[in-house]
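Take a look at the structure below.
The values are calculated or read from the model by the stated rules, or taken from the named source; none is laboratory data. Quick caveat: nothing in here was measured; it's all calculated off a predicted structure. For neighbour counting, all protein chains shown are included, and Cβ atoms are generated from backbone atoms with ideal geometry for every residue, glycine included.
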Amino acid sequence: MVANTASIHNNSRMSTKPRSSPSSPAIGLAPTGHVAATPMAFVRAVLQALAQRSHPTDPALMAAQIPPESVEQTDAKVTAAQFEALSAAAMQALDDEALGWFARPLPWGSYGMLARASLSAPTLGVALKRWCRHHGLLTRDITLAVETQGPEARIVLTEHRPPGGDGSLREFCGISVLRNIHGLACWFVDSRIPLLGASFPFAAPPHAEAYRVLFDGPTRFDADETSIRFDARYLDLPIKRDEAAMNQMLQRALPIQVRPYRRDRLLVQRVRQVLLNQPQDAHNADDLAALLHTSARTLHRQLKEEGATLQALKDEVRRERAMALLQRTNKPLKQIAAATGFQNEKSFIRAFRGWTGVAPGEWRERG
């Protein structure tokens with residue numbers, strides 16, 4: 001189950017029983033399973049888990065159609081479908097959804113049980129805290145916690161018994177656990193939750209470029225902790241899934257989409273916040289999109305899906321700022337025009353008339 005989330009795609013999956021072959025969309029760097037983009041380092045981590053428990057590795061490689069001679073090739077990659085098949089075979093052999101990360105195996109259904117235990121939570125924040133607390137009942141090797149600091153929320157993974165071996169299991173564990181909980185969070189609230197960044201306490205691996213797809217925002221290596229960060233307001237969103245949806249997701253092993261979620265239920269608020277707090281850094285759609293870790297095209301599309309436009313949000317923020325300055329200060333109109341992003345006083349007056357039906361000077365006198 002969870003190991004599949006470490007394959008580089010935009011999905012994480014959960015399964016309640018082993019399957020002989022994958023039947024859902026492949027999990028890999030590309031949208032399909034046909035492009036070899038998953039680092040061989042992740043393959044070696046799965047094989048290490050098998051070897052540490054004295055299981056042969058050839059059957060899993062054969063199930064995934066991965067030539068044994070390619071495993072030690074540093075720059076080699078496998079497709080999403082191959083990695084999924086490898087993970088499924090290893091999980092069945094080990095009866096361990098954690099693929100050897102922890103001292104005690106996690107039998108099939110362990111993570112499905114955690115998901116069910118969190119489903120009745122009123123908000124995402126409560127659901128994630130339940131998930132983290134209950135995860136501690138499955139293993140004491142790591143601790144998961146949801147923390148908030150100002151406008152940011154973090155999911156922090158603390159190691160108490162780092163996986164042994166050459167370090168690949170440690171990397172594999174951190175990536176997979178964080179991506180799994182992130183994917184579940186998105187599924188719970190039926191929304192994309194863009195990450196502000198990810199941190200890991202180990203040095204950047206040779207395949208570090210893969211992290212740009214695994215995690216939104218910048219990835220920091222040699223950090224003090226293993227964590228992901230996102231806007232804390234997502235924690236207040238209500239849970240959108242029910243028991244029927246949970247049964248469907250688990251029984252059919254449907255992928256929990258992360259990036260493919262088109263909807264971002266906080267996008268309008270996030271855009272308004274940037275326009276309000278960083279007006280000098282958001283002159284156009286490209287600048288604004290960069291601050292939100294997306295593209296201008298995606299930004300326009302997602303706003304449209306939310307029934308908003310960038311120009312309307314800009315006008316709304318400008319109007320609010322202009323009214324506040326007119327009401328609370330004695331600044332001349334020329335300064336207010338500049339402070340609200342207008343090139344000159346004339347264009348500001350014209351826009352203000354369009355918003356309110358009166359000139360800014362008249363509006364100030366009425367106030």
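Is it true that residue 170 is at pLDDT below 95, surrounded by 16 or more Cβ atoms within 10 Å (Cβ to Cβ) and assigned by TED's automatic domain parsing to the domain that holds residue 102? Considered against the rule, which asks whether it is at pLDDT below 95, surrounded by 16 or more Cβ atoms within 10 Å (Cβ to Cβ) and assigned by TED's automatic domain parsing to the domain that holds residue 102, residue 170 comes out as yes.
For the stretch 191-233, taking the residues that are over 17 Å from the mean Cα position of the chain (by Cα) and of a type in the set (Phe, Trp, Tyr), the one that is modelled with the lowest pLDDT is identified as 202. Pairing residues of the stretch 209-221 that are farther than 7 Å from residue 197 by Cα with residues that are surrounded by fewer than 16 Cβ atoms within 10 Å (Cβ to Cβ), at Cβ distances under 9 Å and at least 6 apart in sequence or on separate chains, gives 211/204; 211/221; 212/218; 213/259; 221/202; 221/203; 221/204; 221/208.
No other residue among 185, 198 is part of a helix (DSSP H, G or I), in contact with a helix residue (DSSP H, G or I) (Cβ under 9 Å, 6 or more places away or on another chain) and of a type outside the set (Phe, Trp, Tyr) apart from 185. Of the candidates 304, 346, the single residue that is over 16 Å from residue 268 (Cα atoms) and free of Cβ contacts under 8 Å to residues at least 12 places away in the same chain is 346. Of the residues that sit in the stretch 29-47 and are assigned to a strand (DSSP E or B) and surrounded by 21 or more Cβ atoms within 10 Å (Cβ to Cβ), which one is modelled with the lowest pLDDT? Ranking the qualifying residues of the stretch 29-47, first place goes to 38. Exactly one residue among 333, 292, 325 is of a type outside the set (Asp, Glu), surrounded by 13 or more Cβ atoms within 10 Å (Cβ to Cβ) and under 23 Å from residue 230 (Cα atoms), and that residue is 292. Consider the stretch 87-118 and keep the residues that are touching an Asp or Glu at 6+ places or on another chain (Cβ under 7 Å) and either in a helix (DSSP H, G or I) or aliphatic (A, V, I, L, M) (or both). The one that is nearest to residue 249 (Cα to Cα) is 111.
Scan the stretch 202-212 and give yes if some residue there is among the acidic types (Asp, Glu), part of a strand (DSSP E or B) and surrounded by fewer than 23 Cβ atoms within 10 Å (Cβ to Cβ), otherwise no. No, there is no match, as no residue in the stretch 202-212 is among the acidic types (Asp, Glu), part of a strand (DSSP E or B) and surrounded by fewer than 23 Cβ atoms within 10 Å (Cβ to Cβ). Please tell me if residue 187 is within 14 Å of the chain's Cα centre (by Cα) and either without any contact (Cβ under 8 Å) to a residue 24 or more places away in the chain or farther than 13 Å from residue 230 by Cβ (or both). So residue 187 passes the test.
Residue under question is residue 236, and the condition is that it be among the charged types (D, E, K, R), under 16 Å from residue 152 (Cα atoms) and buried (at least 21 other Cβ atoms within 10 Å of the Cβ); does it hold? Criteria not met by residue 236. Take the conditions surrounded by 14 or more Cβ atoms within 10 Å (Cβ to Cβ), outside the structural domain of residue 185 (by TED's automatic domain parsing), closer than 29 Å to residue 191 by Cβ and not acidic (Asp, Glu) and apply them to residue 275. Does it pass? In short, yes.
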